[in-house]
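K.L.:
Provided herewith is a single structure, encoded as structure tokens, for subsequent inquiry.
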Amino acid sequence: MLARMSVQGFGVDIGGSGIKGAVVDLSTGALAAQRFKLPTPQPSSPPAVASTVAQVVAHFGWQGPLGCAFPAVVRQGVARTAANIDPQWVGTNVQDVIGAATGLAVKAVNDADAAGVAEATWGAARGVRGLVVVVTLGTGIGTALLYDGVLVPNSELGHIELDGEDAERKASAAVREREGLSWEKWAKRLQRYFSALEFLLRPELIVVGGGVSRRADKFLPLLTLDTKIVPAQLQNEAGIVGAAYLASQSPPA
Ligand code: BGC
């Protein structure tokens, strides 16, 4: 029993529409039990989000390091941007605020970086040498850069300019839903986005995550790239899994 518990971790993924968490089996990267999700409070201010995270954690009675995948640049625990979360977060120490609400030691990382680490450890980017770009298509567009499996954090390539606009405002999964785009129309925008990434970075592999990666067969075959592009294997759980893993690796003091 003890041996089993020692390989478990806990991750929470804070997204634009939902805050979801789960106990993670860190020997396999799989969820140990079904995840629990609550809607992201609106406005998504620090106290409101922290109290929702505490409810998610309490649902499982989790005690131990808590990994938080956060939808912004996070440097040394502090949020530095807020494209899809309340602007009050900018300059806020995510680890302190969520740590105070949960009573746990918190490790906060960018959500796409968390997903990237999970994919490199257990998923579609496992064992790939050279540069891998993991792109999460959700409310926004998140990116993780991994070189020989090592994360280069906070890449923020969802905000490159595409046809004079912020790419995530043209090509995120939320934009597809909001504008009612067909898979073909959305794929045209994704084509321009991924061609730009390919031109800038020349990666070995692109991994596409986010909830919509479940339907990758609808849009990945419509793209023409020199770079191999594959769906994420951990799909929308990668943020939870990666955050749990990172928290277990370096629990803050
Ligand atoms: C944020 C990124 C985040 C991505 C996905 C973007 O708007 O700038 O930090 O990874 O959304 O949530």
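The values are calculated or read from the model by the stated rules, or taken from the named source; none is laboratory data. Since we're looking at a predicted model, the values are computed, not measured. When we count neighbours, we look across all protein chains shown, and the Cβ atoms used for this are built from the backbone with ideal geometry, even at glycine.
K.L.:
If you check 78, 56, 97, which single one turns out to be within 16 Å of the ligand (Cβ to nearest atom) and modelled with pLDDT of 95 or more?
P.N.:
Details: 56 fails: within 16 Å of the ligand (Cβ to nearest atom); 97 fails: within 16 Å of the ligand (Cβ to nearest atom).
None of the others qualify; the one that does is 78.
K.L.:
For segment 117-198, list the strands (runs of 3 or more DSSP E) that sit wholly inside it and hold at least 2 residues that are over 23 Å from residue 222 (Cβ atoms) and at pLDDT 95 or above; which are they? Steps first, please.
P.N.:
Values: elements: 131-137, 141-147, 150-152.
Qualifying strands (runs of 3 or more DSSP E): 141-147, 150-152.
K.L.:
Please state which one of 74, 53 is in contact (Cβ under 8 Å) with a residue 60 or more places away in the chain, of a type in the set (A, V, I, L, M, F, W, C) and buried (at least 23 other Cβ atoms within 10 Å of the Cβ). Outline the logic, then answer.
P.N.:
Numbers: 53 fails: in contact (Cβ under 8 Å) with a residue 60 or more places away in the chain.
The unique qualifying residue is 74.
K.L.:
Please find, among 13, 86, the residue that is within 27 Å of residue 232 (Cα to Cα), surrounded by 17 or more Cβ atoms within 10 Å (Cβ to Cβ) and of a type in the set (D, E, K, R).
P.N.:
Answer to the selection: 13.
K.L.:
Among the charged types (D, E, K, R), out of contact with any Gly (no Cβ under 9 Å at 6 or more places or on another chain), more than 10 Å from the ligand (Cβ to nearest atom) and at pLDDT below 95, is that true of residue 86? Talk me through it step by step, then tell me what you get.
P.N.:
Values: among the charged types (D, E, K, R): yes; out of contact with any Gly (no Cβ under 9 Å at 6 or more places or on another chain): yes; more than 10 Å from the ligand (Cβ to nearest atom): yes; at pLDDT below 95: no.
Here the answer is no, as residue 86 does not meet what is asked.
K.L.:
Scan segment 59-71 residue by residue and report those that are in contact (Cβ under 8 Å) with a residue 40 or more places away in the chain and either surrounded by fewer than 19 Cβ atoms within 10 Å (Cβ to Cβ) or in a helix (DSSP H, G or I) (or both).
P.N.:
If the condition is that a residue be in contact (Cβ under 8 Å) with a residue 40 or more places away in the chain and either surrounded by fewer than 19 Cβ atoms within 10 Å (Cβ to Cβ) or in a helix (DSSP H, G or I) (or both), then 60, 63, 64 are the ones that fit.
K.L.:
I would also like to ask the following. Identify, please: which residue in segment 126-158 is small (Gly, Ala, Ser) and within 13 Å of the ligand (Cβ to nearest atom) and is, among those, surrounded by the fewest Cβ atoms within 10 Å (Cβ to Cβ)? Give the derivation first.
P.N.:
We begin by selecting, within segment 126-158, every residue small (Gly, Ala, Ser); these are 127, 130, 138, 140, 142, 144, 149, 155, 158.
When the remaining residues are screened for being within 13 Å of the ligand (Cβ to nearest atom), the result is 138, 140, 142, 144, 155, 158.
Working: 138: 27, 140: 27, 142: 31, 144: 32, 155: 21, 158: 24.
Ranking the candidates gives 155 first.
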